[in-house]
Amino acid sequence: MSLKVSLFGITRDIVGTSVIELPAPAPATVGELLAEMRKQYPALGELRSCAVAVNNEYAAHDHPLRTVDEIALIPPVAGG
Amino acid sequence: MTPHLSITDQPIAVAAALAAVQTDAAGAVNAFIGTVRNQSGGRPVRRLHYESYDSMALTQLGHVVAQAYEKWPMLQEVAVVHRKGTLELGDVAVVVAVATPHRAESFAACQFIIDTLKQVVTIWKREEYEDGTEWVAAHP
């Protein structure tokens with residue numbers, strides 16, 4: 001199972017692309033995804049926060065990930 | 001009472017947002033208009049770049065407005081328009097407009113929506129200075 005992860009704002013700057021594909025065996029949960037991304041891109045660990053969205057909703061660390069999910073890293077938001 | 005929610009790369013039509021919440025059942029229309037300021041923490045700002053994860057931003061905005069309707073059941077109409085892309089000084093970045101029967105709830109609901117929007121809606125702001133740019137709030 002592979003995963004596609006969309007990147008926005010500073011996470012896109014850090015990773016250098018707007019979508020990254022994680023080949024199989026991909027992380028099975030939100031927590032594993034964050035750990036893997038921080039291992040590959042240590043600058044992600046320096047952010048004030050970095051959430052994960054699954055299908056347009058904020059997801060908890062134990063949330064499972066599937067290939068069909070729309071997954072995104074969510075750095076600190078700053079709208080308004 | 002379907003809220004009018006949008007994210008646009010075009011200049012925001014403030015009058016249209018106010019008109020969208022107009023209803024005969026409301027005696028109060030309250031609006032917050034966020035504009036681009038010329039400094040941030042004492043550092044001169046030249047312009048702003050907003051980026052949005054549109055589908056999630058609209059989903060989360062819908063949640064925020066639903067919470068407002070729960071907290072203020074008398075809330076009539078709501079409009080939220082957020083700009084994205086490059087904005088110059090003085091440009092309107094966001095409009096929140098609400099209509100309620102009486103004014104007290106209109107202030108409270110409007111403030112709740114803009115405050116909560118800033119916490120959960122997936123929009124990012126990059127400030128441009130004379131000597132570089134920075135993503136707002138990204139680092140501790």
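Accessible surface buried by the B/A pair amounts to about 2100 Å², both sides summed, 1.4 Å probe.
For A:Ile14, the solvent-accessible surface computed with a 1.4 Å probe is close to 50 Å², ligands and nucleic acids excluded. Couplings 3J(HN,Hα) of the range B:14-22, computed from phi: 4, 4, 5, 5, 5, 5, 5, 9, 5 Hz, in residue order, whole Hz [Karplus 6.51 cos²θ - 1.76 cosθ + 1.60, θ = phi - 60°; x for Gly and Pro]. Computed on the Cα trace of chain A, the radius of gyration divided by the Kirkwood hydrodynamic radius gives Rg/Rh = 0.93. Convex hull volume of the C-alpha atoms in the range B:1-56, normalised per residue: 134 Å³. As a length-normalised measure over Cα pairs under 8 Å and 6 or more apart, the relative contact order of chain B settles at 37 percent.
Overall dimensions of the range B:11-94, expressed as equivalent-ellipsoid semi-axes from the Cα gyration tensor (√(5λ), whole Å, largest first), are 28, 16, 12. Working from label points 7 Å from Cα in the Cα-to-Cβ sense, the B:Arg37 to B:Gln22 distance is 3.2 nm. Computed over the Cα atoms of the protein assembly as shown, the ratio of the radius of gyration to the Kirkwood radius (Rg/Rh) comes to 1.02. Distance between the modelled labels on A:Asp69 and B:Asp131, one decimal in nanometres: 4.3 nm (7 Å Cα→Cβ projection).
Note on A:His63: accessible area approximately 70 square angstrom, rounded to 10, probe 1.4 Å, nucleic acids and ligands left out. Any idea which of A:Met1, A:Ala59, A:Met37 is furthest toward the positive side of the dipole for chain A, if Lys and Arg beta-carbons carry +1 and Asp and Glu beta-carbons -1? Farthest towards the positive pole: A:Met37.
Going by accessible surface with a 1.4 Å probe and the largest first, A:Lys4, B:Lys84, B:Lys118 read A:Lys4, B:Lys118, B:Lys84.
Taking the alpha carbon gyration tensor of the range B:66-140, multiplying each eigenvalue by 5 and rooting it gives semi-axes of 30, 14, 9 Å, largest first. Gyration tensor analysis over the Cα atoms of chain B returns equivalent ellipsoid semi-axes of 28, 15, 13 Å (largest first, whole Å). Close amide H contacts of B:Ala26 (hydrogens built in the peptide plane, cut-off under 5 Å, sequence separation of 5 or more or a different chain): none are found.
The values are calculated or read from the model by the stated rules, or taken from the named source; none is laboratory data. Values in this document were obtained by computation on a predicted structure and should not be read as measured data. Methodologically, a virtual Cβ is constructed for each residue, glycine included, from the backbone with ideal geometry; neighbour enumeration extends over all protein chains shown. Surface areas here come from the heavy atoms of the whole protein model, side chains and all, with no ligands, DNA or RNA. Shrake-Rupley method; radii C 1.70, N 1.55, O 1.52, S 1.80 Å.
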